[in-house]
Amino acid sequence: MVQIHGAMLPDCIVRNSRIPRPRVVQTLRREKEAGRIGSGRPFAPPITERDIARMLLALSAPSPSRAVEHEKATGRLVSPDGLTVESAIAALLSADATEGQIAVSQDGRFVEIRTLDGVRTFGSPCGGFVSVFIIPIAAIVVIGGELLNK
């Protein structure tokens, strides 16, 4: 397995997600400090599907300062069939699905993964207006293709 140089990670995410670089860098720093994703200098340990799922969920937080708590809470949400959000996103990378999107409520209470196979929901939507972070599955697959060492 090849290790990823520290600068490659934020560059890859920014290029494929259009999330501003300062937000990506701050969020990844917080995830690394909390031990949620691997860190090392000048090279980090190999990236896993679970790391990518955690990074995506952390980036869906309303702010980098809330990224770790948001990622943990959102990642633990469970679908009716017992799958967690974190596991479902990791599985998308292995399944090579490219159609659809992931929508994450910024309050961390609801996630919807929409693919050609259907819609999987996690948690429960709240009443009223809720901000939602949306990322295409194709972007996640491209990020995974660049970062995962298959």
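The values are calculated or read from the model by the stated rules, or taken from the named source; none is laboratory data. What you see is a predicted model; the values in this text were computed from it and never measured. Here the Cβ positions follow ideal geometry from the backbone for every residue, glycine too, while neighbour counts run over all protein chains shown.
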Of 49, 71, the only residue that is within 19 Å of residue 102 (Cα to Cα), in contact with a Leu (Cβ under 8 Å, 6 or more places away or on another chain) and at pLDDT 95 or above is 71
Would you confirm, using the coordinates I've provided, whether residue 23 is at pLDDT 95 or above, of a type in the set (D, E, K, R) and more than 13 Å from the chain's Cα centre (by Cα)? yes
Of (1) within 11 Å of the chain's Cα centre (by Cα); (2) more than 23 Å from residue 12 (Cβ to Cβ), residue 137 fails just (2)
